[in-house]
Amino acid sequence: MLKILLVAATLSLASTPVMAAPCKDAKGRFMKCPPAKPVATKCRLNGKFAKCGTPGAKPA
């Protein structure tokens, strides 16, 4: 049982990439990576979620 767990752990570690691959275009050429998307902010009004454009809504 222990051998099976060790083999499974080794395979899972070997399959994950150590570093993220640099950005490539459709032809496989290296290019500048696009900027990361901003994290969406959630706003609350009276304890409930609301659109951030609503008057009185505050970021949560």
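What's the number of the condition Pro55 fails, among (1) modelled with pLDDT of 90 or more; (2) open to solvent by 80 Å² or more (accessible area, probe 1.4 Å); (3) out of contact with any strand residue (DSSP E or B) (no Cβ under 9 Å at 6 or more places or on another chain)?
Condition (3) is where Pro55 drops out.
If the Cβ limit is 8 Å and pairs must be 6+ apart or interchain, which residue in the range 41-58 that is part of a strand (DSSP E or B) pairs with which residue that is β-branched (Val, Ile, Thr)?
Cβ pairs passing all conditions: Cys43/Thr54; Leu45/Thr54.
If I ask for residues that are part of a loop (DSSP other than H, G, I, E, B) and open to solvent by 100 Å² or more (accessible area, probe 1.4 Å), which ones from the range 23-40 would you list?
We begin by selecting, within the range 23-40, every residue part of a loop (DSSP other than H, G, I, E, B); these are 23, 25-29, 31-40.
Within the range 23-40, Ala26, Lys27, Arg29, Lys32, Pro35, Lys37, Pro38, Val39 qualify.
Out of the residues in the range 24-44 that are small (Gly, Ala, Ser) and closer than 27 Å to Lys58 by Cα, which is modelled with the highest pLDDT? Can you show your working first?
Initial filter on the range 24-44 (small (Gly, Ala, Ser)): 26, 28, 36, 40.
Checking the rest, the ones that are also closer than 27 Å to Lys58 by Cα come to 36, 40.
Working: Ala36: 84, Ala40: 77.
Taking the candidates together, the pick is Ala36.
The values are calculated or read from the model by the stated rules, or taken from the named source; none is laboratory data. Note that the structure is a prediction, hence the values are computed from the model and not measured. Glycine also receives a Cβ, built like all others from the backbone with ideal geometry; neighbour counts cover every protein chain displayed. Protein only, heavy atoms only, side chains kept; ligands, DNA and RNA dropped before computing areas. Shrake-Rupley method; radii C 1.70, N 1.55, O 1.52, S 1.80 Å.
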